[in-house]
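Quick notes on the structure that follows.
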Amino acid sequence: ANESARYTPMAFNPVVMSSTDHGTALTVSGNVITTASNAMGSARATEEFSSGKRYCEMTVTKITSYTGAGPTLGLMTSAGSLGGEVGDWSPSWGYHSDGLIYASGINSAYGGFGSGSTVGMAHDADAGMVSFIGSGGTAVVSLTGLVDALFPTISLDNSGDQVSVNFGETAFIHALPS
C-alpha cells in the first residue's frame, strides 16, 4: 500500500487539546476534557489540518445526563464558536452522542454512543472528507465538501460530562482506515 495514502495518527505532528482555546464551560487537562457547568462549549486541538489524512479517537468517560446532544467529536475552523457545539454552524462537522451527525447546521440521524464508548474520526483533508467511526469500529457516515484548514474539536454540554482524546500517543481501539 502507498504509505502517503494511509491515515496517520495525529500524535505524529504532535497534536494535543489546547489548554487555552476552549469555551469557558470546559476544563482541559492534557487530552481530558470535562464540562464544569450545564453550558455548551467546545475545545480545539493545537493543530489545524489543510492537507493529508489524520485519525483520532474520543472515549466517553462519563455522561451525566442525556439531555442535549452530549459529547461531540468533529472538525471546525479557527473562526468557529467555542461557546457552541461543533457541527451547529458553517463550516463545521460533528458526530454527537445522541446519534446525530451535524454538517454545518444540518443534521441526520445515525447510531448514538454512551459512557464507555470510543468513536473515531478520519479526516482526509486532500479529498475534503471526514468519516466518523462508530463505537463498533465501522464507519457511521462519510461527509464530503469540507473546506479550509480544520481543527479536531470536542464539544460537551452537561455538567460533569468527561471525554478523553487519543491522537495516537497510545494504541487506538479501532483499526486505522485504509
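The values are calculated or read from the model by the stated rules, or taken from the named source; none is laboratory data. Note that this is a predicted model, so its numbers are computed, not measured. Every residue, glycine among them, receives a Cβ derived from its backbone with ideal geometry; neighbour counts consider all protein chains shown. Surface accessibility is based on the protein's heavy atoms, side chains included, excluding ligands, DNA and RNA. Shrake-Rupley method; radii C 1.70, N 1.55, O 1.52, S 1.80 Å.
Stokes-Einstein D for segment 21-166 at 25 °C, 0.890 mPa s, Kirkwood Rh over Cα pairs, in µm²/s?
170 µm²/s
Mind checking which of Gly87, Phe151, Pro177 is farthest towards the positive end of the chain's charge dipole, using Cβ charges of +1 (Lys, Arg) and -1 (Asp, Glu) about the Cα centre?
With unit charges placed on the Cβ atoms, the residue in question is Pro177.
Which whole-number value in Å² is the accessible area per residue of segment 16-64, probe 1.4 Å?
43 Å²
Which order do peptides 89-96, 169-176, 37-44 fall in by mean Cβ count within 10 Å, highest first?
Per-residue mean Cβ counts within 10 Å order the peptides as 89-96, 37-44, 169-176.
Which order do the peptides 102-110, 146-154 come out in when sorted by mean C-beta neighbours inside 10 angstrom, highest first?
146-154, 102-110
How much of the accessible area of the chain, probe 1.4 Å, is carbon plus sulfur, in whole percent?
That share works out to 51 percent.
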